[in-house]
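Asker: Got a structure here, written out as structure tokens. Questions coming.
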Amino acid sequence: MTAIETIAPSEPPVIGLAPVGTPLLEMRDIVKRYGSFTALNGMNFHVNDAEVVALLGDNGAGKSTLVKMMSGINPPTSGTILANGKEVQFRSRADSEAAGVETIYQDIALVDAMSITRNIFLGREIVKPGGFLDHRAMEEKTIEILGSAVQISGIDDPEKEVGFLSGGQKQAVAIARAVHFKRNILLLDEPTSALSVRETEHLLAYVRELRDQGTSSVLVTHNIYHAFQVCDRFVVMSHGQKVFEAAKADTSIDEVTYHVIRT
Amino acid sequence: MTMTQSDPVASSDHIRAAIDTRNQRGPLVKLRDWITSRPEGGIAVLFVTVQIVVIAAALANPQFRYLSDANIAVMLKAIAPLGIMALGVGVLMIAGEFDLSVGSLYSFCAIVTATLTAQWGGDGAEGVAWAPFAAAAAGLAVGTAAGLLNGYVTLKFAIPSFITTLGAMLMWKGVTLFYHGATSLRFKPSEPFATLFGGSVGIVHASIIWFAIAAAIFWAMLHHHRIGNHFFAVGGNRQAAVAIGINPMKTKLIAFGLTGFMAAFAGIIAGTRVSSIQPGGGQGLELVAIAACVIGGHALMGGRGSILGIVLGTALMFTIQDVLLLMRAPGFYFEMFVGLLIVLAVIMNMAIRRRG
């Protein structure tokens, strides 16, 4: 690693690699301001078909802001979002759901006082006519989900309240939910923070497996070694901008690390 | 956690086995698990214990007239208005908000109903039949609108509902005096309104039947309908609800509207029963309703509670009041006991949950 140099504020943002074909999701020249604070400043980002993208950068770089935007819960101040080449508005969770995006959040989006089944189907309840919950159908699906996608150690009752689960088990429920409903893109925002080493290995293997089946993922992480295990492309952010982008074949752990820490 | 996608049926076996074990529990184990896992578990134990003690005392001592028809009738009648109000307050608490204005609305909406009934000629036994129904609809609409206004101001300006509804409580109290004055108001609606809302089936007054109907509807809505699921979600973890695509504004607004509606309904039911309405009659009821919900296992910060808890909380409070009245204890004993009960109920709930 060479000497650490600082980026001058006037340095133009890196445009990075051009998308191959029509990307599943593309963000062009995205700006997000909170009052006088600019969280994203001319950010470009795209996710291709069947690839795993690493979104890296130090705290406050704007990774979570970008993930929340792609999840639809944090609309941009300006910029263009394209899903499958068509311009779309991401104003609410419903918009991103329509584009096939599922997110596993850093601050696990589960309600402690509700059961595993109710958490998995929250906002997407299986209902009978009149909007009444179909408890039996949801429990049946939950059994399948918990059994197939993510076998969670120690969880054997879908009626158990999420508040009684361990951090890793909660994370696993959140992952199982996203995996079940995912269609095109899975966003993983620091998914391994509550997981053990073994659970992390399993999750990363699973992300690779999903890619082989055609589902793309965006992995937000501080752990560059994890990123190198599964990701095809690396995007490094700093101060709301892209400062480095490279395909796995064209870069190395040292180079990516250098770009994360130099900014 | 192991991640495999192969053979989902086989890998679900341990879950199915666990569910089978759960379904094959003995009745006592089931009861224990219910008590430890449900928010109203603790209060259910307390309620049953109190009933057993009081009924045993009544059987042992004929002077203690707890089981007399007259006493049961009076106690049931007393439960209904507060219970109806507490259903709305409790659902709003689950959604993570408070409404302190329900006591004022209770009086105001009843007075609107009584005044319009008189104006439209529905007063007395020979009055116009439709008038009290139309007037009650107006009263319920006012209550609902007031509830929605509380919600709108709270959510639009992102201020605590405690503050919004504290202001609303004083405002509606003032509006009541402005609209009607401080004197009590006669309310003798024409038939069939009077029988529908003020009649009796044996010792069961119409108001308690309406409470039972309302509780059943609220139970279906809160525990078995999509909207109830969303109430728990926005109250339990607002950020999670937003992230998953639930609109907290819309969800909470519905809860605020329901609370206003139920406050008005409670006021109208109570007014019909006693045939007169006191402008200050609802004062303090908002806190008693919140107390009933807390005794029934509701979390003050939202996300936890149940309809059975609201019903049992209300019923337990009035059982204690009734017993004290039968023992000719002075009125302030009631407040002392309810005060103790709130704290005891919460301590007990916490203890049971920790053991569970």
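Asker: Counting only residues that are within 14 Å of chain A (Cβ to nearest Cβ) and among the charged types (D, E, K, R), give me the helices (runs of 4 or more DSSP H) lying completely in the stretch B:1-117 with at least 3 of them.
Answerer: B:13-23
Asker: Answer yes or no as to whether B:R273 is among the basic types (K, R), part of a loop (DSSP other than H, G, I, E, B) and over 15 Å from B:M85 (Cα atoms). Break it down stepwise before answering.
Answerer: Details: among the basic types (K, R): yes; part of a loop (DSSP other than H, G, I, E, B): no; over 15 Å from B:M85 (Cα atoms): yes.
No: the conditions fail for B:R273.
Asker: Please note which helices (runs of 4 or more DSSP H) are completely contained in the stretch A:184-263 and include at least 3 residues that are under 21 Å from A:L25 (Cβ atoms), of a type outside the set (A, V, I, L, M) and in the same structural domain as A:L17 (by TED's automatic domain parsing).
Answerer: A:197-212
Asker: I've got another one for you. Considering only the stretch B:259-273, I want to know if a residue exists there that is within 11 Å of chain A (Cβ to nearest Cβ), buried (at least 19 other Cβ atoms within 10 Å of the Cβ) and within 30 Å of A:I126 (Cα to Cα).
Answerer: Checked against the condition, which is being within 11 Å of chain A (Cβ to nearest Cβ), buried (at least 19 other Cβ atoms within 10 Å of the Cβ) and within 30 Å of A:I126 (Cα to Cα), the stretch B:259-273 yields no hits at all.
Asker: For the stretch B:76-113, which positions are in contact with a strand residue (DSSP E or B) (Cβ under 6 Å, 6 or more places away or on another chain) and among the β-branched types (V, I, T)?
Answerer: B:I111, the sole residue that qualifies.
Asker: Sticking with this structure for a sec: For the stretch B:68-95, how many residues meet the condition of being over 10 Å from the mean Cα position of the chain (by Cα) and of a type in the set (G, A, S)?
Answerer: The qualifying residues number 5.
Asker: Condition test on A:A61, is it under 20 Å from A:A246 (Cα atoms) and without any contact (Cβ under 8 Å) to a residue 24 or more places away in the chain?
Answerer: In short, no.
Asker: Okay, next question. Considering (1) at the interface with chain B (Cβ under 9 Å from one of its Cβ atoms); (2) under 16 Å from A:I108 (Cβ atoms), say which one A:S166 fails and leave the rest.
Answerer: (1)
Asker: Still on this structure, please answer the following. Over 19 Å from A:R208 (Cα atoms), more than 19 Å from the chain's Cα centre (by Cα) and within 8 Å of chain B (Cβ to nearest Cβ): is that true of A:F132 in this structure?
Answerer: Yes: the conditions hold for A:F132.
Asker: Same structure again: So if I check each of B:A216, B:A182, B:A146, B:A158, which one is surrounded by fewer than 16 Cβ atoms within 10 Å (Cβ to Cβ) and at pLDDT 95 or above? Quick ask: steps written out before the conclusion?
Answerer: Details: B:A182 fails: at pLDDT 95 or above; B:A146 fails: surrounded by fewer than 16 Cβ atoms within 10 Å (Cβ to Cβ); B:A158 fails: at pLDDT 95 or above.
Checking each option against the conditions leaves just B:A216.
Asker: Can you pull out the residues in the stretch A:56-108 that are over 12 Å from the mean Cα position of the chain (by Cα) and basic (K, R)?
Answerer: A:K86, A:R91, A:R93
Asker: Follow-up question, since we're still on this one. Restricting the stretch A:119-129 to residues that are charged (D, E, K, R) and touching a residue at least 12 places away in the same chain (Cβ under 8 Å), which is nearest to the other protein chains (Cβ to nearest Cβ)?
Answerer: In this case the residue turns out to be A:E125.
Asker: Could you please find all residues in the stretch B:276-325 being more than 22 Å from B:G235 (Cβ to Cβ) and part of a loop (DSSP other than H, G, I, E, B)?
Answerer: B:Q278, B:P279, B:G280, B:G281, B:G282, B:Q283, B:G284
Asker: Does B:G121 count as at positive phi, out of contact with any helix residue (DSSP H, G or I) (no Cβ under 8 Å at 6 or more places or on another chain) and at pLDDT below 95?
Answerer: Here the answer is no, as B:G121 does not meet what is asked.
Asker: Please state which of the following conditions A:E97 fails to meet, knowing it meets all the rest: (1) within 17 Å of B:A233 (Cα to Cα); (2) at the interface with chain B (Cβ under 8 Å from one of its Cβ atoms).
Answerer: Among (1) within 17 Å of B:A233 (Cα to Cα); (2) at the interface with chain B (Cβ under 8 Å from one of its Cβ atoms), the lone unmet condition for A:E97 is (1).
Asker: Quick test for you: out of A:I116, A:I143, pick the one residue that is in contact with a helix residue (DSSP H, G or I) (Cβ under 7 Å, 6 or more places away or on another chain), free of Cβ contacts under 8 Å to residues at least 60 places away in the same chain and crowded, with 24+ Cβ neighbours inside 10 Å.
Answerer: Of A:I116, A:I143, the one residue that is in contact with a helix residue (DSSP H, G or I) (Cβ under 7 Å, 6 or more places away or on another chain), free of Cβ contacts under 8 Å to residues at least 60 places away in the same chain and crowded, with 24+ Cβ neighbours inside 10 Å is A:I116.
The values are calculated or read from the model by the stated rules, or taken from the named source; none is laboratory data. Note that the coordinates shown come from a computational prediction; the quantities given were computed from them, not determined experimentally. Please note: Cβ atoms are built from the backbone with ideal geometry, for glycine as well, and neighbour counts cover all protein chains shown.
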